[in-house]
Each structure stands twice: as C-alpha cells, then as structure tokens.
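Participant: Here it is: the structure, laid out below.
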Amino acid sequence: MKLKITITALCVLSFSLIKAQKVNVAKAFSAAAKQTEVLIKNVDSARVIKPNQVSPRTVENGQFKMVVSKDWTSGFFPAELWFFYQYTKDKKWLALAKKYTEDIKKEQFNTGTHDLGFMVYCPFGNGYKLTQDTAYRAVIIQAAKSLSTRFNATAGVIKSWDHNGDKWKYPVIIDNMMNLELLFEATKLTGDSSFYKIAVSHANTTIKNHFRPDFSSYHVIDYDTQTGNVLKKNTAQGYADESAWARGQAWALYGYTMCFRETKNKAYLAQADGIAGFILNNKITPADGIPYWDYNDPKIPDASRDASAAAITASALYELARYSTNSKRYKAAADKILVSLGSNSYTNKTGAQYGFILDHSTGHRPAKSEIDVPINYADYYYLEALLRSK
Ligand code: GLY
C-alpha cells in the first residue's frame, strides 16, 4: 500500500525529466549485508530439510522459495557473496562465497539450457576475478563448452530453451545476450577463438532480428535451422508479442554494452545507445526510474513494477557511461535508480522478506508467477550497480 501511494504521487512526473541524486554506497552496502546475513540463516535452515535446494530465489505468498542448482537463478546468491567480499575484503565473505559457489559446480556440464552465463559465470566468474583460483577457471571453460553445444551455424544463434517444442522450433530469447560474457571470457582464458566467434555471431544475428525500429526488443524469436529464417516473433514473459517487456529491454542494454566492452565493435555501442534511448526517453516510467514490468501493459499505472529491470539497467548504464558520448545522462539515470532502490520504498527493512535486499520485482506475470516480490537477480544486479557506481 505504501509503495502504491508513493508510486501514484510519482506518476505525475516522468523518469526522463528527473535529475539524479547522490548514491550512498556505504549505507546501501551496509543495509544489504545485514539483510544477506538474515538470508544466509534462512538458506541454511531450509537446506537442512531439502539439501538439494541450494539457493534462495524469491518469496511468494509469504513463503521462502529455494531452488536446485539447475534453476536459471541458482548462481546469483553465491555471486552476491562474492560482491560482499569484493566490497569489504572481509575473509568472512570469502569463506561464504566459496562455500555456496561449490553447490553450482555441476552445472558446468549442463547442456540443456542457455542460462549457463547466469548460473555458472556469475559465481565462478566473480570468484575467479577475485581469487585467480584455477579450479574456477576450469569450470568457466567447461561451461563455455557446454553452452557452445547449443549453437547452430545456419541460424547463427544459440538456442535458449528446449521446452515448449510444440510452439517453437528453435527459440532464442533476448535474455540470451547475457550468456555471451561467458564465451568471451573462455576465449580470453584459452586462446580458443571459437567461443568468441559464436558470441559475435549470436550478437549480430540478434541485432538483425530481435529489435524494432525504436530499439525496443521482442522477447522470443523462433528460427528455422534449415534456412536461418525467422519463423515467429513472440513473447513469453511480456504483455504481448508486440509489447516491450521491461526486463527484456534491460537484458538487451546490458548485453550490447558488454559486447562492446569485449569486442570494441562500434555497432554494439550504437545498439546499446539506441536501447538506452528507448528506456530513458520513455514517458511511461515514473520519476523514480523503476519501470513497470512491461512498457505496454494497458493497466499502467495500476501495474506492478520490476525492480530487477531497474537494477540491471542501472548496472548497464554505469558501464555504458564509460564508453558513450551520453555519459553524463546515463550516470545520472543510474544514480537516480540506485537512490530509489535504496529507499524504503524498495529496500526491505532488516529481517523482512526472509533477508532479500529489494522488494517489488516481477518475474513472470503472464504465468501469474512472482508478481511484486523480492527476487535474487534484482539483488545481484543492485549490488553490482552499487559497485560500479563508485
Ligand atoms: N531469463 C529469464 C528472466 O529474465 O526472467
């Protein structure tokens, strides 16, 4: 209710018109650390009962939800622990990060999903960056090999999902851009350019087929692997096939920013600038910068927000600000989002919501799942954005 009143008040102003405020990283990290200590206690208690459910994902209908390691979100919790270690340099967080990262290790051999970047690269990539542990390096390389098995050279893209075979032959979702970072890293670690080439092919094909002229993105593109032609342009998690699902736009922004970092190809920078323009020029998003779950939901302003989309966007904008001529605008927009997320409207009080840091994300509205809830990936990208803001 409190959020609703705040939102209604803010709706009279649009995000595109608002000046940024100063982010208090130390305060936000301190609040987040206290919450995460609560979360760890809840994780440990839950694991006594169901040991194969390794990571916390969300809270739904008041219930704490844990997931098995093959869930696409399993890597975010251990990866957050690496962020706490990076920020504090406290060995306590190092030990915790190591411990919970181990639970995801077996997913390096998972060839049944495109989500290996999220599941494996978030914990092991951050862990490797901070420790140079060669065991982590080996996991990253194996995960990149597993992900590469899902590439089809005729279509030029990595297959996202194996489910819904009656609906799609070879579905590729915009989220898949995020998993390319794992491939770029594997080439750097091994010198084997095949991973890099797959990532570049996927990014180029996605520019060609996933975007509308206003730089908004479709969610699902279905490909014919005999011809490489596009069969369908659909949504799975958005409001409609032709709508702009908020998290999809955030994944696209982050994905092309990262692709520019890894390749220095100006086409990726132009794409990221275009996507940022769609997100920031949009008059739909209220002044606090936290988008509705889909830019085209006709129920707006009575539609749920997606704090996760905002956190991903903020993190991406901080990086894009380093490469783009629109640097000032991107940094101001990212600051504004972090100030909003760090406020009482979005940050849970210590002890609330089982220890998740942020509230008010929307996971999968069409499936009536995870609506206006805390979600692990919102917390992960929020912490990453805080680190990048410095
Ligand atoms: N990758 C799935 C999601 O963003 O919900």
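The values are calculated or read from the model by the stated rules, or taken from the named source; none is laboratory data. Since the model is a prediction, treat every value here as computed from it, not as a measurement. Neighbour counts run over all protein chains shown; Cβ positions are idealised from the backbone, glycine included. To get the accessible areas, we keep the full protein, side chains included, count just its heavy atoms, and leave off ligands, DNA and RNA. Shrake-Rupley method; radii C 1.70, N 1.55, O 1.52, S 1.80 Å.
Participant: Give segment 134-180 a look and list any residue that's assigned to a helix (DSSP H, G or I) and either modelled with pLDDT under 95 or within 16 Å of the ligand (Cβ to nearest atom) (or both), or say none.
Facilitator: Once the filter is applied, which keeps residues that are assigned to a helix (DSSP H, G or I) and either modelled with pLDDT under 95 or within 16 Å of the ligand (Cβ to nearest atom) (or both), segment 134-180 yields LEU147, ILE174, ASP175, ASN176, MET177, MET178, ASN179, LEU180.
Participant: Scanning segment 237-258 for residues that are assigned to a loop (DSSP other than H, G, I, E, B) and within 16 Å of the ligand (Cβ to nearest atom), which turns out nearest to GLY117 (Cα to Cα)?
Facilitator: The qualifying residue nearest to GLY117 (Cα to Cα) is GLN237.
Participant: Can you tell me how many residues in segment 105-124 are away from the ligand (no atom under 16 Å from the Cβ) and surrounded by 22 or more Cβ atoms within 10 Å (Cβ to Cβ)?
Facilitator: Qualifying residue count, segment 105-124: 2.
Participant: Restrict the check to segment 92-104 and report whether at least one residue is touching a residue at least 12 places away in the same chain (Cβ under 8 Å) and within 16 Å of the ligand (Cβ to nearest atom).
Facilitator: Within segment 92-104, none of the residues are touching a residue at least 12 places away in the same chain (Cβ under 8 Å) and within 16 Å of the ligand (Cβ to nearest atom).
Participant: In the list ASN204, ASN282, which residue meets the criterion of being open to solvent by 20 Å² or more (accessible area, probe 1.4 Å), more than 16 Å from the ligand (Cβ to nearest atom), polar (S, T, N, Q) and under 26 Å from ASP372 (Cβ atoms)?
Facilitator: Selected residue: ASN282, the only one of ASN204, ASN282 that is open to solvent by 20 Å² or more (accessible area, probe 1.4 Å), more than 16 Å from the ligand (Cβ to nearest atom), polar (S, T, N, Q) and under 26 Å from ASP372 (Cβ atoms).
Participant: Among the numbered conditions (1) β-branched (Val, Ile, Thr); (2) open to solvent by less than 20 Å² (accessible area, probe 1.4 Å); (3) assigned to a helix (DSSP H, G or I), tell me where VAL48 comes up short.
Facilitator: So VAL48 meets the others, but not (2).
Participant: If you go through segment 332-364, how many residues are over 19 Å from ILE279 (Cα atoms), over 17 Å from the mean Cα position of the chain (by Cα) and not polar (S, T, N, Q)?
Facilitator: Total satisfying the criteria: 7.
Participant: Still on this structure, I have one more. Among the residues of segment 59-76, which ones are touching a strand residue (DSSP E or B) at 6+ places or on another chain (Cβ under 8 Å) and more than 16 Å from the ligand (Cβ to nearest atom)?
Facilitator: Answer for segment 59-76, where residues must be touching a strand residue (DSSP E or B) at 6+ places or on another chain (Cβ under 8 Å) and more than 16 Å from the ligand (Cβ to nearest atom): VAL59, PHE64, MET66, VAL68, SER69.
Participant: For GLN86, are the conditions met, namely being surrounded by fewer than 21 Cβ atoms within 10 Å (Cβ to Cβ) and touching a residue at least 40 places away in the same chain (Cβ under 8 Å)?
Facilitator: Considered against the rule, which asks whether it is surrounded by fewer than 21 Cβ atoms within 10 Å (Cβ to Cβ) and touching a residue at least 40 places away in the same chain (Cβ under 8 Å), GLN86 comes out as yes.
Participant: Further question on the same structure: Of all residues in segment 1-38, count the ones that are in a loop (DSSP other than H, G, I, E, B) and modelled with pLDDT under 70.
Facilitator: Count: 7.
Residues are listed down the side, and each one gets a yes or a no for (1) more than 23 Å from LYS349 (Cβ to Cβ); (2) at pLDDT 95 or above:
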| site | (1), (2) |
| --- | --- |
| LYS41 | no, yes |
| SER45 | no, yes |
| LYS50 | yes, yes |
| PRO56 | no, yes |
| GLU60 | no, no |
| MET66 | no, yes |
| PHE76 | no, yes |
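Participant: From the residues in segment 208-236 that are open to solvent by 10 Å² or more (accessible area, probe 1.4 Å) and in contact with a helix residue (DSSP H, G or I) (Cβ under 7 Å, 6 or more places away or on another chain), which one is nearest to the ligand (Cβ to nearest atom)?
Facilitator: So, considering only residues that are open to solvent by 10 Å² or more (accessible area, probe 1.4 Å) and in contact with a helix residue (DSSP H, G or I) (Cβ under 7 Å, 6 or more places away or on another chain), the one nearest to the ligand (Cβ to nearest atom) is TYR218.
Participant: Go through the residues of segment 82-103 one by one and say whether even a single one is part of a helix (DSSP H, G or I), closer than 15 Å to MET178 by Cα and under 21 Å from the mean Cα position of the chain (by Cα).
Facilitator: Looking for residues that are part of a helix (DSSP H, G or I), closer than 15 Å to MET178 by Cα and under 21 Å from the mean Cα position of the chain (by Cα), one finds none in segment 82-103, hence no.
Participant: Considering every residue within segment 121-133, establish whether at least one is more than 29 Å from TYR170 (Cβ to Cβ), modelled with pLDDT of 95 or more and small (Gly, Ala, Ser).
Facilitator: Checking segment 121-133: at least one residue is more than 29 Å from TYR170 (Cβ to Cβ), modelled with pLDDT of 95 or more and small (Gly, Ala, Ser).
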